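Below: the structure, in structure tokens.
The values are calculated or read from the model by the stated rules, or taken from the named source; none is laboratory data. Note that this is a predicted model, so its numbers are computed, not measured. Cβ sites come from the backbone with ideal geometry, for glycine too, and all protein chains shown count toward neighbours.
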Amino acid sequence: MRPFIETSRLLVREFVIEDAPSIFNSWAKDPEVSKYLTWLPHKSVEETKWILQSWIKEYENPKTVRFGIVIKETNELIGAIDVVGFINEKPEIGYCLSRKYWNNGYMSEACEAFIKYLFELGYQEILIEANERNIASNRVIQKCKFKFNHKETRPCSRFKPDIITVNCYTKKVA
């Protein structure tokens, strides 16, 4: 397992297969969590486990950066943050958080630490986008001092063909 990231309240670490029930119950089955994301709510813990197995296999690629977000005090897995892809060699990040923990500053804390980690890996610029209707996610992105670049209108994903408008942001190493 590669090193984890630690903040005052959180550990940000690689996933293990034993995380499947926590992922499913905490956020993956919740339609409110996936409402603005590119994936649909999971139907079963088996579906989550199948996806998690593919994620763990992807750790063989050194460019894979995908972590679970854990509250240190309780050891509870509450969310995920990862590099969802690369655009012109620049990592694009994404995240999600259990609804139970919304509005507590956890995602801003995890995101700031994750950005620092990516810069330490040598990336000079990081990309992120959020559905323009996802007010909370846009706030997290702004708190983390990303710069707004432009809007794009397009299908959400192959799983969700709805046409959406996303705000696109970048952050460069200081």
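Would a scan of segment 3-15 turn up a residue that is in contact with a strand residue (DSSP E or B) (Cβ under 6 Å, 6 or more places away or on another chain) and surrounded by fewer than 17 Cβ atoms within 10 Å (Cβ to Cβ)? Yes, segment 3-15 contains a residue that is in contact with a strand residue (DSSP E or B) (Cβ under 6 Å, 6 or more places away or on another chain) and surrounded by fewer than 17 Cβ atoms within 10 Å (Cβ to Cβ). Among residues of segment 128-142 that are closer than 22 Å to Leu118 by Cβ, those with a beta-carbon under 7 Å from a residue that is part of a helix (DSSP H, G or I) and of a type in the set (Val, Ile, Thr) at least six positions away or on a different chain give the pairs Ile128/Ile141; Ala130/Ile141.
Being under 17 Å from the mean Cα position of the chain (by Cα) and without any contact (Cβ under 8 Å) to a residue 12 or more places away in the chain, is that true of even one residue in segment 60-68? Taking every residue of segment 60-68 in turn, none turns out to be under 17 Å from the mean Cα position of the chain (by Cα) and without any contact (Cβ under 8 Å) to a residue 12 or more places away in the chain. Listed by first and then second residue, the pairs with beta-carbon distance under 8 Å, at least 6 apart or on different chains, first residue in segment 147-174 and over 12 Å from Ala130 (Cα atoms), second among the polar types (S, T, N, Q) and at pLDDT below 95, are Ser157/Thr38; Phe159/Thr38; Lys160/Thr38.
Considering segment 16-44, and only residues there that are within 20 Å of Asn75 (Cα to Cα) and free of Cβ contacts under 8 Å to residues at least 40 places away in the same chain, the residue that is surrounded by the most Cβ atoms within 10 Å (Cβ to Cβ) turns out to be Ala28. Restricting Glu58, Glu92, Glu73, Glu14 to residues that are of a type in the set (D, E, K, R) and farther than 30 Å from Val173 by Cβ narrows the list to Glu73. Scanning segment 96-143 for residues that are within 15 Å of Val70 (Cβ to Cβ), assigned to a helix (DSSP H, G or I) and of a type in the set (A, V, I, L, M) gives Met107, Ala110, Ala113.
Summed over segment 70-89, the residues that are assigned to a loop (DSSP other than H, G, I, E, B) and either under 11 Å from Arg9 (Cα atoms) or of a type in the set (S, T, N, Q) (or both) give a count of 5.
Residues that are at pLDDT 95 or above, surrounded by fewer than 17 Cβ atoms within 10 Å (Cβ to Cβ), touching an Asp or Glu at 6+ places or on another chain (Cβ under 7 Å) and not aromatic (Phe, Trp, Tyr) do occur in segment 93-103. From the residues in segment 29-47 that are β-branched (Val, Ile, Thr) and not in a loop (DSSP other than H, G, I, E, B), which one is nearest to Glu129 (Cα to Cα)? Only one residue tops the list, namely Val33. Of all residues in segment 71-86, one or more are among the charged types (D, E, K, R) and either over 19 Å from Ser22 (Cβ atoms) or under 13 Å from the mean Cα position of the chain (by Cα) (or both). With respect to the conditions (1) surrounded by 18 or more Cβ atoms within 10 Å (Cβ to Cβ); (2) without any contact (Cβ under 8 Å) to a residue 60 or more places away in the chain; (3) not in a loop (DSSP other than H, G, I, E, B), Trp50 falls short on a single one, namely (1).
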